[in-house]
Amino acid sequence: MQRSITLIGAATRHANVARSIRPLIASRGIAVDNLPTAPGDYIPYDKGQPVKREDRSLDKDTGDDGSSPVSASASSLSNRGRGSQRGERSSSEGFTQSRAVKAKLAGKKPPHLLSLADLSTDEIAGLLRTAMKFKHLYKQGGAATIKRSLASQAVALLFSKRSTRTRVASETSTALLGGHAMFLGKDDIQLGVNESLEDSAKVIGSMVDGIMARVGAHAEVEALVEHSPVPVINALSDLYHPTQILADLLTMYEMYDTTHTLKNTTVAKHRPQDALTAAVGRIDPLAPLKGKKVVWVGDTNNVLHDMLVSYPRLGMTIAVASPKGYDKVDERVWAAVQNGGHADKVILTNSPQEALKDADIVVTDTWISMGQEEEKAARLAAFEGYQVTEKLCAEAGAKPDWKFMHCLPRKQEEVNDEVFYGKRSVVFPEAENRKWTIMACFDHLIGQWKV
């Protein structure tokens, strides 16, 4: 019995499609029939003829070759996902190149964020402005006011370490920008264990549009950057934590801003982006921070490292109080501070009292980071006297209106309840701002990446 194939719909209307398909089928001894359909028709599985839809609005216009137009929603989705956002359509070949492919062909690297040391002060300010805009748009007008710069794009969240704030902020940010977040935890993927980091970066990067990586050793995220064809953002490594410090900077701006530019800007329902874009453009998010003294009381860890490579450049003084044996700043970080010419704005001491004098902002963090659990007893003993309290700050001479910050999760020994839950604390607005600053990173590095 001779087999036959029926060409339906587009295969019968598009000459180039028919020319490609018919000879291929016929060469295999298969008969070819046509079943012409119009746009909007469909073929029920139990019938042999097209059934007309009631709404045939798409029939009104056709192309020169008899092809049908694409609906506005499908066209805009295709344009967002494939046009300026992901590549350019080739009229001769009829396919779309991804930005990763285009970048490779052009010999260009995608943008990455490993530390705030990677960013200029203008780039930091730009991310903060975008975060402000997103936050204000959402608070006033909801999700519909947010431009979907990640439409039809996927972001891989490679998290080797547990996470609450970073994961929630990353997933909700991707959704608001119209993208899809794919969470890959330590039980889903073990970077460098079952597969080399190089192979993982190449494979995952070939399937997504961006990577958010929360890893152990900083070398792991560096390897991802070296081999990934798409942007990589450091969600945390043992050396740096850039997205946390961006959130802290936004929180500081909100504390010290006296212009109230955004608070006095109303979002128009018909064009919500316009007024906000204009208002944000007038803001210098770093101006209110100049001259402030930030005091770190605690372990010299990844959060502090990103503070050290950014705060002095932004006009702030940073004092660090850590006990002996826990006071060494990583040489790579210190080299970045010195190379930037801002080492004079950094104070290193073993005395909390010395560091806290004239403090505007007091910051602490966990004394026992992930992976240091076996050192708990020794660390608790070494950090005795470093708990942030009203009494300690008053006796040391902190400014009367000093504020308190913590990246969370918090333990009682690091800061007492009076400070943590009191009027000086901004820890919960600080935590929320993780969302808006991560969203800004996704928008700038992934959504707006142009080759």
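Taking the conditions exactly as written (without any contact (Cβ under 8 Å) to a residue 60 or more places away in the chain and closer than 26 Å to HIS112 by Cβ), does LEU289 satisfy them or not? For LEU289, the condition - without any contact (Cβ under 8 Å) to a residue 60 or more places away in the chain and closer than 26 Å to HIS112 by Cβ - is met. The set of residues from the range 103-121 being among the polar types (S, T, N, Q) and either under 18 Å from HIS227 (Cα atoms) or outside any helix (DSSP H, G or I) (or both) comprises SER115, SER120. If we scan the range 245-257, do we find a residue that is out of contact with any Ser or Thr (no Cβ under 8 Å at 6 or more places or on another chain), surrounded by fewer than 21 Cβ atoms within 10 Å (Cβ to Cβ), over 24 Å from MET316 (Cα atoms) and in contact (Cβ under 8 Å) with a residue 24 or more places away in the chain? The answer is no; no qualifying residue exists. On the given criteria, is THR349 modelled with pLDDT of 95 or more, of a type outside the set (D, E, K, R) and closer than 21 Å to GLY422 by Cβ? Here the answer is no, as THR349 does not meet what is asked. Which of the residues that make up the range 252-291 are modelled with pLDDT of 95 or more and not in a loop (DSSP other than H, G, I, E, B)? Listed by number, the residues that qualify are MET252, TYR253, GLU254, MET255, TYR256, ALA287, PRO288, LEU289.
Of the residues making up the range 113-130, just one is small (Gly, Ala, Ser) and within 14 Å of MET252 (Cβ to Cβ), namely ALA125. Please determine whether any residue of the range 292-314 is at pLDDT 85 or above and touching a Lys or Arg at 6+ places or on another chain (Cβ under 6 Å). Scanning the range 292-314, I find at least one residue that is at pLDDT 85 or above and touching a Lys or Arg at 6+ places or on another chain (Cβ under 6 Å), so the answer is yes.
A count restricted to the range 358-400 and to residues that are under 30 Å from PRO288 (Cβ atoms), in contact (Cβ under 8 Å) with a residue 24 or more places away in the chain and surrounded by fewer than 19 Cβ atoms within 10 Å (Cβ to Cβ) stands at 6.
Listed here are the residues, each with its yes/no results for (1) in contact (Cβ under 8 Å) with a residue 60 or more places away in the chain; (2) surrounded by fewer than 21 Cβ atoms within 10 Å (Cβ to Cβ); (3) within 20 Å of SER369 (Cα to Cα); (4) among the basic types (Lys, Arg).
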residue	(1), (2), (3), (4)
VAL295	yes, no, yes, no
ASN302	yes, no, yes, no
LEU308	no, no, yes, no
ALA321	yes, no, yes, no
LYS328	no, yes, yes, yes
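Do the conditions hold for LEU236, that is, is it out of contact with any Cys (no Cβ under 8 Å at 6 or more places or on another chain) and at positive phi? For LEU236, the condition - out of contact with any Cys (no Cβ under 8 Å at 6 or more places or on another chain) and at positive phi - is met. Please verify whether LEU304 is within 26 Å of SER170 (Cβ to Cβ), part of a helix (DSSP H, G or I) and in contact with a strand residue (DSSP E or B) (Cβ under 6 Å, 6 or more places away or on another chain), treating the condition exactly as stated. Yes; evaluated as a whole, the condition is true for this residue. Apart from one condition, ALA175 fits all of (1) more than 28 Å from ASP330 (Cα to Cα); (2) surrounded by 20 or more Cβ atoms within 10 Å (Cβ to Cβ); the exception is (2).
When you look at ALA213, is it touching a residue at least 40 places away in the same chain (Cβ under 8 Å) and either of a type in the set (A, V, I, L, M, F, W, C) or at positive phi (or both), yes or no? Yes: the conditions hold for ALA213.
Looking across the range 133-152, the residues that are surrounded by fewer than 22 Cβ atoms within 10 Å (Cβ to Cβ), aliphatic (A, V, I, L, M) and either modelled with pLDDT of 95 or more or assigned to a loop (DSSP other than H, G, I, E, B) (or both) come down to ILE146, ALA151. Among the residues making up the range 284-298, those that are over 25 Å from the mean Cα position of the chain (by Cα) and of a type in the set (D, E, K, R) are LYS290, LYS292, LYS293.
The values are calculated or read from the model by the stated rules, or taken from the named source; none is laboratory data. Please read these numbers as outputs of a predicted model, since none were measured by experiment. Cβ: placed from backbone, ideal geometry, glycine included. Neighbour counts: every protein chain shown.
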